[in-house]
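For reference, the structure discussed in these notes is given below.
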Amino acid sequence: MDYNDYSIQYIKGVGEKRARLFNKLGIFDVGGLIHFYPRKYIDWNNTVTVKQADSGDIAFIKATMITPVKESLIRKGLTLYKCNFTDGETVIHVTIFNNKYLAKSLRTFDDYVLYGKIEKNFTEARMSSPQIEKADNKPGIQPVYPATENLNSKAISKAVKSALDKIEFFEDTLSDEIKQQYNLCSLDWAIRQIHFPTDLGNVEKARKRLIFDELLTLRLGLIKFKSKKSNKNYYKLKNDFTTEFLKLLPFTPTGAQRKAVGDCAMDMQSDGAMNRLIQGDVGSGKTAVAAAAVYSVIKNGYQSAFMAPTEILARQHYETFLRLFENCSVTVELLTGSTKVKEKREIKQRLAQGEIDLLIGTHAIIQNDVEFADLALVITDEQHRFGVEQRAALAMKGANPHTLVMSATPIPRTLGLIIYGDLDISVLDELPPGRQEIRTDVVNSSYHERIYKFIRKTVDSGHQAYIVCSLVEEGENDLIPATEYAENLSEGAFKGYNLGLLHGKMKPKEKEAVMSAFARGDVDILVSTTVVEVGVDVPNATIMLIENADRFGLSQLHQLRGRVGRGSDQSYCILVSDNKSDSCKERLSVMKNTNDGFKIADYDLQTRGPGDFFGKRQHGLPNLVIADMLKDTETLAICQKCAEQMIADDPNLDKYPQLCRNITKMFKNTDF
Ligand code: ADP
Ligand code: MG
């Protein structure tokens with residue numbers, strides 16, 4: 001059996017009860033324990049004298065005990081032990097609380113090392129409850145593990161030590177040539193040194209090796225996953241109609257749009273099927289790019305499918321495509337959860353017979369009974385809203401169709417490389433002309449009256465406004481606050497105006513009705529929870545007021561803000577927050593200072609980490625233990641090269657059985 005899978009409870013000194021405490025730290029087996037690394041190290045060799053230390057320092061002092069321990073009972077349950085030490089220059093008064101075992105073990109005139117905080121005055125020093133070890137038996141370099149309340153670092157260290165003692169040698173995952181080529185130490189050495197370094201300088205070498213292993217395993221796993229998919233192009237387009245389509249657009253495409261469309265056209269005429277991500281900030285015009293690809297596919301005689309995450313968005317796309325294809329004899333249909341049964345049946349029938357060219361819809365279009373006659377292109381909008389398996393389900397509707405995914409979440413390049421390692425990327429880094437920067441302000445709630453006045457003025461001049469008030473995050477209760485809030489407004493600040501309310505608990509039909517009324521201009525002010533977040537397009541709306549803005553992630557705020565500024569009029573985003581903490585102020589000021597989604601995403605990623613950034617499910621990647629996707633970018637690039645080299649040399653990785661097991665283990669609980 002692979003030592004990795006050996007259950008933690010069989011390690012000497014662990015047992016069933018303690019195993020549960022390890023489980024809480026996410027450690028279930030020996031592999032998990034071995035790869036649970038120290039957070040830092042304390043070096044007992046690093047002793048100083050009291051004179052060398054500053055008062056308040058945490059330090060190691062080598063000292064001789066000079067007075068016997070005096071015991072005094074302060075009250076029941078609290079015993080104090082006092083004794084004095086000297087380092088040869090200064091007397092140190094040591095107090096120990098309750099630790100009878102330690103107190104009884106100390107001997108006058110023996111040498112010790114004291115570790116703890118040191119308080120100094122002119123002639124003496126004090127240490128309260130220091131860690132005390134015998135000088136000739138001190139621990140050396142001691143690992144400090146991230147502990148929990150009931151499982152301290154020492155207990156973890158002991159378990160690791162038993163495990164390491166038990167395993168004679170860690171079989172290396174890499175060949176000698178690779179280790180040599182990339183200047184890596186052996187795995188066995190790395191594992192032992194990262195836990196119990198004989199020299200602190202060894203830790204970096206060990207870390208380098210372990211980070212390399214982790215990122216290499218990740219890359220190899222992703223490549224393996226990718227190669228399972230066929231890449232044959234069964235729908236190699238004979239003719240390209242994208243240029244013809246661009247002329248039909250009611251506007252002049254931007255350079256970035258032209259380039260992205262060109263990328264798609266080339267993909268679809270090549271030997272491999274298209275697998276492309278269109279990445280562009282909100283409002284950059286991704287829909288038109290998708291439409292060009294759809295048009296070209298249809299003119300070649302095939303079908304396309306377009307999946308959006310919400311009903312509202314699907315309908316909006318449906319209407320957009322109807323308009324775009326108005327005079328082109330293209331048949332477009334919409335299929336969502338709320339399509340009537342009879343209509344659904346009809347659509348499915350016509351779809352299977354090839355009478356529908358483009359099917360737009362929600363998840364409804366990946367149901368089992370939806371069949372296409374000749375599906376050559378699948379598009380997923382706002383892809384971060386879908387799991388990997390949902391995208392895959394859509395692709396399964398055809399024989400390896402061309403795939404286009406669209407994302408407004410600006411992903412920093414380094415992360416894109418990992419997550420979309422199997423996708424080609426086109427970036428829309430140019431907004432359509434005439435757009436103005438959205439002016440963003442951060443205020444506290446004392447500004448409400450002024451803001452309401454400003455909104456009234458704007459609405460009076462013919463524009464519309466959004467008010468986002470997700471008081472409770474997607475919870476059971478968000479209905480009540482949003483409703484109440486809207487009622488208060490409609491009777492107070494916005495009496496006489498048309499208010500619409502949109503929240504997560506409404507039926508799709510109801511949402512639909514409110515949203516269309518807003519899009520038509522029948523509703524002046526849309527009060528909503530975050531359901532408004534995804535790509536709806538109402539260019540006449542120029543104000544976005546967000547209550548409790550500090551509750552949102554920056555990327556989410558950026559998405560919300562992207563609902564305004566979609567026309568040529570000056571738009572405003574007002575973030576209300578009463579949170580006075582510095583970190584919160586700094587976060588919101590990022591919103592005020594930039595409209596650049598990439599900068600915002602980078603900041604978000606640095607302060608919150610990739611897990612939060614995408615939501616765990618959404619990125620579907622394994623959790624990393626030692627490597628940091630943001631900081632270890634250089635190693636990542638090297639591992640990419642190494643992975644390619646290994647696969648070219650040994651496609652099934654037969655020479656690397658342990659690495660294969662590690663890959664399987666790493667990807668066990670992911671979407672891949
Ligand atoms: P997103 O990238 O957020 O999905 P959309 O595709 O919804 O953006 O486009 C946003 C708005 O900009 C739409 O109203 C669209 O018609 C318009 N638009 C797109 N491209 C251009 C362009 N090149 N010139 C002018 N308007 C454009
Ligand atoms: Mg969009």
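Each value in this text was obtained by applying a stated rule to the coordinates, not by laboratory testing. The structure presented is a predicted model; accordingly, all values stated were derived computationally and were not measured. Neighbour counts run over all protein chains shown; Cβ positions are idealised from the backbone, glycine included.
When shorter helices are ignored and each DSSP H run of at least 4 residues is given -39500 (n - 2.57), the per-residue value for the chain at 222 nm works out to -12000 deg cm²/dmol.
Projected label points at Lys599 and Ile647, each 7 Å from Cα along the beta carbon direction, are separated by 3.6 nanometres.
Relative contact order of the chain, taken over Cα pairs closer than 8 Å and 6 or more residues apart, is 12 percent. Dipole size of the stretch 96-185 about its Cα centre, with +1 on Lys/Arg Cβ and -1 on Asp/Glu Cβ: approximately 680 debye, rounded to the nearest 20. Annotation: amide H-H contacts under 5 Å for Ala541 (H modelled 1.01 Å from N, sequence separation of 5 or more, or interchain): Gln464.
Couplings for the stretch 437-445, taken from phi via the Karplus curve 6.51 cos²θ - 1.76 cosθ + 1.60 with θ = phi - 60°, read 4, 7, 7, 10, 10, 10, 9, 9, 6 Hz in order; Gly and Pro are left as x.
Among Tyr10, Leu210, Thr64, whose Cα sits farthest toward the positive end of the charge dipole of the chain (+1 at Cβ of Lys/Arg, -1 at Cβ of Asp/Glu, about the Cα centre)? Farthest along the dipole direction, towards plus: Thr64. Note on Val91/Asp578: beta-carbon distance plugged into 1/(1 + (r/R0)^6) with R0 of 56 Å gives a FRET efficiency of 0.60. Projected onto the charge dipole of the chain (+1 at Lys/Arg Cβ, -1 at Asp/Glu Cβ, origin at the Cα centre), which of Ile191, Val160, Ala125 gives the Cα projection farthest towards the positive end? Projecting each Cα onto the dipole axis, the largest value belongs to Ala125. Stokes-Einstein diffusion of the chain at 25 °C, 0.890 mPa s viscosity, Kirkwood radius from Cα pairs, rounded to a whole number: 83 µm²/s. Do any of Lys507/Lys592; Lys224/Lys286; Lys70/Lys138; Lys40/Lys117; Lys62/Lys120; Lys158/Lys208 go past 27 Å between their Cα atoms, and which? Violating the 27 Å limit, Cα to Cα: Lys507/Lys592; Lys224/Lys286.
Counting neighbouring Cβ atoms within 10 Å and putting the fewest first, the residues Ile118, Ile167, Ile451, Ile379 line up as Ile167, Ile451, Ile118, Ile379. Estimated at 0.36 nm per residue, the fully extended path between Thr483 and Glu124 surpasses their Cα-Cα distance by 122.6 nm.
Around the amide H of Val144, modelled in the peptide plane, lie the amide H atoms of Arg39, Lys40, Tyr41, Ile42, all under 5 Å away and 5 or more residues distant in sequence or on another chain. The ratio of the alpha-carbon radius of gyration of the stretch 214-338 to the globular-protein estimate 2.2 N^0.38 Å is 1.20. Cβ crowding within 10 Å ranks His317, His363, His93, His558 as His93, His363, His317, His558, fewest other Cβ atoms first.
Two tests apply to each whole DSSP H helix in the chain, Cα reach of 15 Å or more along its axis and mean Kyte-Doolittle hydropathy of at least 0.5, and the ones passing both are 286-299. Think of the chain as a dipole: +1 on every Lys or Arg Cβ, -1 on every Asp or Glu Cβ, centred on the Cα centre; then among Val443, Ile141, Tyr603, Ile141 lies furthest on the positive end.
Considering only alpha-carbon pairs that sit under 8 angstrom and 6 or more positions apart, the relative contact order computed for the stretch 321-379 is 37 percent.
Within the chain, antiparallel bridges make up roughly 40 percent of the DSSP beta bridges whose residues both belong there. Using 0.36 nm per residue and subtracting the Cα-Cα separation, the extra length available between Asn4 and Gln436 on full extension is 149.8 nm. Taking all Cα pairs closer than 8 Å and separated by 6 or more residues, the relative contact order of the stretch 26-160 comes to 27 percent. Placing R0 at 22 angstrom, the Cβ-Cβ distance between Asn239 and Asp374 gives a FRET efficiency of 0.85 after rounding to 0.05.
In this structure, Phe454 and Leu249 have a Cβ-Cβ separation that, at R0 = 45 Å, corresponds to a calculated FRET efficiency of about 0.80.
Of His195, His35, how do they rank once you tally other Cβ atoms within 10 Å and put the fewest first?
The most exposed by this proxy come first: His35, His195.
The lysines within cross-link reach of Lys299, meaning a Cα-to-Cα straight distance under 17 Å and a gap of 8 or more places when in the same chain, are Lys236, Lys238, Lys247.
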